[in-house]
Every structure is written in structure tokens, then in C-alpha cells.
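Here is the structure we will look at, set down as C-alpha cells.
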Amino acid sequence: MTIAATEFIPAETARGRGGGGPASTRIVVAYGFWIFLLSDFVLFSGLFAAYAVLADRTAGGPSGPQLFHLRTVFIETMCLLLSSYTAGLGALSAERRRVGYFYLSSVFTFLLGAAFVFLEVREFADMIGAGAGPWRSAFLSAFFTLVGTHGAHVTSGLIWFLYMIAQVYVKGLRPHVLRRLLCFSLFWHALDIVWIGVMTLVYLMGAP
Amino acid sequence: MDRHEHVFDDRTPGVEEHEPTASYLSYSVGLGLAIVATIASFVVAQTDLLWPPGIAVGLVVLAFAQIGVHLVFFLHLGSGPDNTNNILALAFGVLIVFLVIVGSIWIIDNLHANMMEMSAHATQ
């Protein structure tokens, strides 16, 4: 019935949880990647904790409400959310061997992700240009570390995604390429979940 | 599969095992709910719709709701037996994240309060 269950081991023997033999490669790969993503959440939790503790230590410098533009943040949020949506549609299309739809949704996924990174880099450049760089105060150090780490994740995700599109183009939708695409879409959704935390804690709770 | 209706296969996060239309539909429902939650967050933060001291709580509730929407509709984590391993791993991750964030805020606040007391005492 599903690609996953019939890939190497018949569905009736692959059920994990201690009975009936090992699970299929795809289930093991995605589970391992899920563990990696959870460890990434733990990394971010340290940065969130640092920001929460240092948010009002502005050392006489500018505070959040003076620096943040909620309109830009809203556009960034929508870019990332729609990018996550099209990435999910792309993964579904790839599983159903609809290569055309996969490429189409990939274009949207990449452009929306790139728009997010562009807006964030512009926001950082404006802040640094106004003398509010990470060296100004503990608040800004924590801000640039937290938001910058998320932005670095998105940027590396975009590079990974280009590499995945090239793999689909060169190798076609083989099982191991599909597994890598599945891992990518998990990564992309996870980054969107982290962004919900950034949006809420940094931008909205810091708003006047 | 009818012979094995009591056997539950493991599931991977991010994959839905129903028929194609349901999958696309589930993503679209998730997108709609996430957009509603996002707009609600921005409205709550910028207006006095909520009792002002309650805004922070409202924002946290909306954030958790949206994270739940993402987990269910985008990552397809459900409560079924085929999801046990994924949910257990997630529960452990949530525990660690909670300990790190709440623990840090708690400890540093406590330290901060004690520092204030000391400096006030020192000036007397």
C-alpha cells in the first residue's frame, strides 16, 4: 500500500517496537533525523534561555521596541510559513512521482526561503548601521546569536535544497533520493517551528 | 492489509499514509490554521484586545497552539500507536527544552533578586 512498507521488508513483518523484525530503511532514516532535529531544538533552547535572561540588559543602548519593525517580521513569518507549505507539497509530489509539480513547488520553496533570508540580512544591516550591532549590549548579543543562528540554519537549508534539486534532476526520484528529500522537508518544517518561538519571544513579546 | 488490521507499522515524522487528496488537504488545513494563529499573535501583541498584563500569556498560548498545528498537519505526528517512537522522542525533547529555558529564567531571576538585595545592603 505504501512505498515505505514494501521497500525492503514486507509490511506484515516490519512493525518495530520490539516485535516482527526491523523497520524499513526509510522509517529508520527519518526517525534518526527526527532525533537530530530534537537535538537542534535543545541547541536553540539554550539560545532562547540566554535571550530571555538578557532581553532587558540594554546597557543604555537601544531596546527591542526601538529597533524592531513588526511589518517586516510579519512578512518574514509569512515567507517562511508559505515556504514550509510548498516544501511539504513538493515532498508529497515527489513521493507520488510527479516531478513537474515537485520542480514547481521547489521554485516557490526556494524563492520564499531566499526572501526570508534577504529580509533578515537587511534587518541586521540596518541595525548594525544604526550602531546597534551585537557588541552594543548583552541584549543585542543574545538577539544576534539567537536570530542569526536561525538565519544560518535557513541559509544552509537553502544550499542543501539546491543540492537536493540537483540530485532529483541527475538521479531521478530513487528511494534514497526520496529519503533525503523527506529529511529536508522535516528540517524545513522544524525551522518554521523554531521561528514561531523567535517571533513570539523576541519580536512580539518585546513589542510595546 | 485486511488480514493484519491489528498490526500497526511504525511511522516516520512528516509522512502521511492516507490517500493523496487527504494529504494535500491536510497541508492546506494546517496552513490556514497557522496563518490564523500568526495573525492573531500580531493582533494581540499590537492592540489592547487582551487585558494588557495577559498579553504575554496569550502570545505563549498562541505560539504553543501554532507549534501543535505544525506538528500535527506538517509533521503528521498523531496519537496513534504507529507514532509511539516519534512521540516519545518528542516528549523527551520537550522535557529538555523546558528544563533549559524555565530553569535558566528561574535561576537567573533568583540570582538577580539576591544581587539587588546585596547591593542595597552595601549602600547602607
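A short reminder: the numbers here are calculations on the coordinates, not readings from a lab. Keep in mind that what you see is a predicted model, and the values were worked out from it rather than measured. So basically every Cβ, Gly included, is an ideal-geometry build from the backbone, and we count neighbours across all protein chains shown.
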- Hey, among the residues in segment A:18-42 that are free of Cβ contacts under 8 Å to residues at least 12 places away in the same chain and more than 7 Å from chain B (Cβ to nearest Cβ), which one's farthest from B:Phe98 (Cα to Cα)? A:Gly20
- Query: What residue, among those in segment A:76-95 that are facing chain B (nearest Cβ under 9 Å) and either basic (Lys, Arg) or within 20 Å of A:Val202 (Cβ to Cβ) (or both), is surrounded by the most Cβ atoms within 10 Å (Cβ to Cβ)?
  - Reply: A:Ser84
- Query: Which residue out of B:Leu62, B:Leu77 is at the interface with another protein chain (Cβ under 10 Å from one of its Cβ atoms), out of contact with any strand residue (DSSP E or B) (no Cβ under 8 Å at 6 or more places or on another chain) and not in a helix (DSSP H, G or I)?
  - Reply: B:Leu77
- Message: Please determine whether any residue of segment A:123-138 is surrounded by 20 or more Cβ atoms within 10 Å (Cβ to Cβ) and within 19 Å of B:Tyr24 (Cα to Cα).
- Response: no
- Query: Would you call A:Gly157 small (Gly, Ala, Ser), in a loop (DSSP other than H, G, I, E, B) and at negative phi?
  - Reply: no
- In segment A:186-196, is there at least one residue being part of a helix (DSSP H, G or I), out of contact with any Ser or Thr (no Cβ under 9 Å at 6 or more places or on another chain) and more than 14 Å from every other protein chain (Cβ to nearest Cβ)? no
- Query: On the given criteria, is A:Met127 without any contact (Cβ under 8 Å) to a residue 24 or more places away in the chain and assigned to a helix (DSSP H, G or I)?
  - Reply: no
